[in-house]
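The values are calculated or read from the model by the stated rules, or taken from the named source; none is laboratory data. The model shown is predicted, which means the values in this text are computed figures rather than measured ones. Surface accessibility is based on the protein's heavy atoms, side chains included, excluding ligands, DNA and RNA. Shrake-Rupley method; radii C 1.70, N 1.55, O 1.52, S 1.80 Å.
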Amino acid sequence: MKLHAITIDTSDPQRLAAWWSEALRIPMGMDYGMIVQLGTSESMPPIQFQKIEDVPEQRNRVHFDLKASDLDRETARLVSLGATILKEIALPEICFTSFADPDGNFFDVVQE
C-alpha cells in the first residue's frame, strides 16, 4: 500500500481547505463538494478535507508537526490567518508552538 492522502474531517471543507492552503502556502486543488483537496506539494503528502455531519468535539489524535525557520514570524502569520495559540514551549533542545486551526484541530510548529 501507499499513502493516498491525509484526510481531515470538517463541517466546511471549502473553508478549512482554503485556510490550510494559506497556512501551508500550497495552492488549492480539486473541489468535489464533499471533499476538497490541496494541490500537490513536494514538501507535504496529499492533504484533503472531507465534509461530515457530526464533527467530533474532542482533541484530534493525529496532528501535523511542521517546521519553520523563524518560529516567531510563522506564529504571527498563522495567528493573522485565524490560528489560535494553545501553548508555547521553549526548551534548550527544542522550541515549538501548539496551535488550533479554525476548526479546532491541533498542530505544532517547531523551530528549525
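Determine ³J(HN,Hα), in whole Hz, for all residues of the stretch 92-107 in sequence, where each value follows from phi through the Karplus function 6.51 cos²θ - 1.76 cosθ + 1.60 and θ = phi - 60°; x replaces Gly and Pro.
Working through the residues one at a time gives x, 8, 7, 10, 8, 10, 9, 10, 10, 7, x, 8, x, 6, 7, 7 Hz.
Which lysines, if any, have their Cα less than 26 Å from the Cα of LYS2, not counting same-chain residues under 8 positions apart?
Within the straight-line cut-off, LYS2 pairs with LYS51, LYS67.
Compare THR97, THR7 by solvent-accessible area with a 1.4 Å probe and give them largest first, with all protein chains kept in place.
Most to least solvent-accessible, the answer reads THR7, THR97.
Using θ = phi - 60° and the Karplus relation 6.51 cos²θ - 1.76 cosθ + 1.60, list the HN-Hα couplings for the stretch 69-84 in order, rounded to whole Hz, with x at every Gly or Pro.
Karplus values, whole Hz, x for Gly and Pro: 6, 10, 4, 5, 5, 5, 4, 4, 5, 5, 5, 5, 7, x, 6, 10.
Per residue of the stretch 18-23, in order, report the coupling 6.51 cos²θ - 1.76 cosθ + 1.60 (Karplus, θ = phi - 60°) as ³J(HN,Hα) in whole Hz, putting x for Gly and Pro.
3J(HN,Hα) across the stretch 18-23, in whole Hz: 4, 5, 5, 4, 5, 4.
Measure out, as a whole number of angstrom, how far apart the alpha-carbon centroids of the stretch 43-64 and the stretch 17-39 sit.
13
Arrange the residues LYS67, LYS51, LYS87, LYS2 by how much accessible surface each exposes, largest first, with a 1.4 angstrom probe.
From most exposed to least exposed: LYS2, LYS67, LYS87, LYS51.
On the first, second and third principal axes, largest extent first, how far apart are the outermost C-alpha atoms of the stretch 47-95 in Å?
That gives 42, 22, 19 Å along the principal axes, largest extent first.
Could you provide, to the nearest whole Å², the per residue accessible area of the stretch 3-103 with probe 1.4 Å?
That works out to 64 Å² per residue.
Taking H placed 1.01 Å from N in the peptide plane, check which residues at least 5 places from GLY29 or on another chain put their amide H under 5 Å from its amide H.
GLN37, LEU38, GLY39
Could you put PHE106, PHE64 in order of accessible surface area, largest first, with the 1.4 Å probe and the full protein assembly present?
Descending accessible area places them as PHE106, PHE64.
Quick query: amide H of ILE6 versus all other amide H atoms, modeled in the peptide plane; which residues come in under 5 Å with a sequence gap of 5 or more or a different chain?
Hits under the 5 Å cutoff: ILE47, GLN48.
May I ask what percent, to the nearest 5, of DSSP beta bridges between residues of the chain are antiparallel?
60
Take the solvent-accessible surface of the protein heavy atoms, probe 1.4 Å, and return the percent of it on the chain that carbon and sulfur atoms account for.
53
Divide by every residue of the chain the summed helix terms, -39500 (n - 2.57) for each DSSP H run of at least 4, and state the resulting mean residue ellipticity at 222 nm, rounded to the nearest 500 deg cm²/dmol.
The per-residue figure over the chain is -6500 deg cm²/dmol.
Quick query: amide H of PHE64 versus all other amide H atoms, modeled in the peptide plane; which residues come in under 5 Å with a sequence gap of 5 or more or a different chain?
ASP108
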